[in-house]
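The values are calculated or read from the model by the stated rules, or taken from the named source; none is laboratory data. The shown structure was predicted, so the numbers you read here are calculated from the model rather than taken from an experiment. Every residue, glycine as well, gets a Cβ built from its backbone with ideal geometry; the counts of neighbours run over all protein chains shown.
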């Protein structure tokens, strides 16, 4: 148990959230910045290989962080912390925020995986624009918007569950 009496390690942002959620909330700032930088590199400077490397690295990083998050949540739960008091019930607004977040998160994972897998299969080597470029651009923008909405809805869940 953390110093707060809740199961798991306490976070560092001064809320009831566990450590992994504090890390994940800040990591999403980095992910969005790196994602924006990757898009800039491919659009402005045509650095296709760099863009590919960044996208694959981000995907692996997020897979690792989300896996750690899932393990921590399965081991220590989150509902007692979200309830704000040991033995209390979690407010319904917390579940609503979580479900909205999950819709964006799951949709974004599917889109991003499709974007990466199709790009790996359909772009020529060496990397150059080709027949798949138009579809890739559409999927990539949908994935990027999804990542932004996943981040905002995740932060909303964090605030509703662990701050209010």
* Can we say residue 102 is over 23 Å from residue 16 (Cα atoms), free of Cβ contacts under 8 Å to residues at least 12 places away in the same chain and under 15 Å from the mean Cα position of the chain (by Cα)? -> no
* Taking residue 69 as meeting all but one of (1) in contact with a helix residue (DSSP H, G or I) (Cβ under 6 Å, 6 or more places away or on another chain); (2) modelled with pLDDT of 95 or more; (3) closer than 30 Å to residue 136 by Cα, write down the number of the exception. => (2)
* Quick one: residue 3 ticks every box in (1) over 16 Å from residue 161 (Cβ atoms); (2) modelled with pLDDT under 95; (3) in contact with a helix residue (DSSP H, G or I) (Cβ under 9 Å, 6 or more places away or on another chain) except a single one, so which number is it? => (3)
* Check residue 53 against each of (1) without any contact (Cβ under 8 Å) to a residue 24 or more places away in the chain; (2) in contact with a helix residue (DSSP H, G or I) (Cβ under 8 Å, 6 or more places away or on another chain); (3) farther than 20 Å from residue 150 by Cα and name the one condition it does not meet. => (2)
* Specify the residue that is nearest to residue 80 (Cα to Cα); the eligible residues are those in the stretch 133-147 that are surrounded by 13 or more Cβ atoms within 10 Å (Cβ to Cβ) and out of contact with any helix residue (DSSP H, G or I) (no Cβ under 8 Å at 6 or more places or on another chain). => 145
* Kindly indicate whether residue 130 is on the phi > 0 side of the Ramachandran plot and either more than 13 Å from the chain's Cα centre (by Cα) or surrounded by 14 or more Cβ atoms within 10 Å (Cβ to Cβ) (or both). => no
